[in-house]
Structure formats: structure tokens, C-alpha cells
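All remarks here apply to the structure that follows.
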Amino acid sequence: ARLGRCRVTGKLLAWIALVGTLAALNYASRFTEGKPPADTLYRYGTAISGVVFYAITLGFVLWIARGISNSELGLRRPESWPQALGLALAVLIGLLIAEAILEGLLHATREQGLEPPRWEPDRAVPFFLNAAVVVLVAPVVEELTFRGVGFALLGRISIVLAFLGTSVAFAAAHGLVNGFAALFLFGAAVAFLRLRTGSLYPGMLLHGTFNALALLVAFSH
């Protein structure tokens, strides 16, 4: 039992070190380099660096996750897909309303710097490659990192700690200042979905859908 506790503590410390490193790197980049160029999503390099970044992150996450059951990680079907999808839709609608209010106050999207100024058809290929990273790759890796491994490890101590801790870690890992509140709210919403459904998959779908809608809204301005 003592050995088991040591292994859990080691995994938790490794996870904290991972998300702490992500937060430190992103905040350091934000304060030294500022927000990314306006055409970031039109660059092939952005997509390539994004894939490399998420691949490395996923490698560390899978290493930390060794020995944790798929069920505890949330890698299982929800008991009822219709109910899970209905709840996810309700959470998404509430989240969109809340995030729109916060955006008007804090301008987190502008701070993040991923809002293209206009649609450029001749640069559609790199844009859609970047969109694939934002909509497909990022939600899977981030949900596994925070609502998967993080939620499982912190949940062994307290569900409240898992809920709040992963939400704070998720917000901090993105390295935003004005956007911290909006990211915390997003993390809490997806953590709520993870808690209610017992599955990571509805949250991944919500995360990907939210990111896709954010890209669409950027071009409607």
C-alpha cells in the first residue's frame, strides 16, 4: 500500500511538473515575444510546430498514465450517448454565452492572437492544416492531459480538487493573462461534463466543436 501511494505521488508530481512547465514556457513566451503574428494560422510552420508540440506532450502524458486504468482516465463510453451528447450541447450553449460576455470584457481572443484578420483563399491549405490541429489534435491531447490524467490523479485526493485543480492548470498552461478567466471557465465546464458522464469523449467532442466555432466566428467579424 505504501509503495502504491508513492507511485501515485510520483505520478502526480510528474503531472504537476508537466503542466507547470507548459505554463512557464507559455507565459515566458507571452511576456517576451507578445502575441503571435496576425497570420499565424496561415503558416505551415504553425501547423508543424503544433503537431510536434502535441506529440511531445502526449508522450509525457502517456508515460505518466502508465498503470492508470482506462476507466479511471475516462477512456470509456458514457453510459448513455444520447444523454451525454444532450448534456454536452447544453454545456456548450451555456459556455458560448458566458465566453461571449467575457470576450467583450477581456478580449481573450485578441490576446491569444489566433484570430485571422480576413479570409485569404490562396492560403487555404495551411489554414486548414492549422484548423485540423486546433479542432482535432489539441482537444484530444489537452483533454487527456487535464480531464484524463490530471482528473484521475487529483480525484484520488478529492473530486473538488480534481475539478478546480484541472481547471486552474488548464487555464495557466495556455499562458494568457486577460484570457485566464475564460480558460478557467472552459476548463470547469468540460470538467463538469467529465464528472457527470464519467467519460472523456463527450468533453473531447465539446472541445473540438468549441474550437471550430471559434474559428468560424473569427471570420464573421
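The values are calculated or read from the model by the stated rules, or taken from the named source; none is laboratory data. Since we're looking at a predicted model, the values are computed, not measured. Cβ atoms come from the backbone with ideal geometry, glycine included; neighbour counts cover every protein chain shown. Calculation scope for accessible area: heavy atoms of the full protein, side chains included, ligands and nucleic acids excluded. Shrake-Rupley method; radii C 1.70, N 1.55, O 1.52, S 1.80 Å.
Tabulated data for the structure shown
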item	result
Förster-model FRET efficiency, 25 Å R0, Ser69 and Ala14, C-beta, rounded to 0.05	0.90
Viscosity 0.692 mPa s, temperature 37 °C, Stokes-Einstein D of region 136-206 from Kirkwood C-alpha radius, µm²/s	279
Cut-off 13 Å between beta-carbons: net charge of the residues surrounding Val149, Lys and Arg +1, Asp and Glu -1	+2
Whole-number accessible area per residue in Å² for the chain, which is evaluated in the context of all protein chains at 1.4 Å	52
For the chain, calculated [θ]222 nm from helices alone, where every DSSP H run of n ≥ 4 adds -39500 (n - 2.57)	-23500 deg cm²/dmol
Carbon and sulfur %, accessible surface of the chain computed with the full protein complex present, 1.4 Å	70
Positive-end extreme of charge dipole, the chain - chosen from Val91, Leu176, Phe192 (charges on Cβ)	Phe192
Cα-based helix-to-principal-axis angle, 2-33 vs the chain, degrees rounded to 10	10
Label-to-label distance, nm, for residues given as Arg156 and Ala124 (7 Å Cα→Cβ offset)	5.0
The chain shape via C-alpha gyration tensor axes, a/c threshold 1.5	prolate
Nearest-0.05 FRET efficiency for Leu213 and Gln83, computed from C-beta distance (R0 22 Å)	0.45
FRET E, pair Ala90, Ile48, Förster distance 25 Å, beta-carbon r, rounded to 0.05	0.10
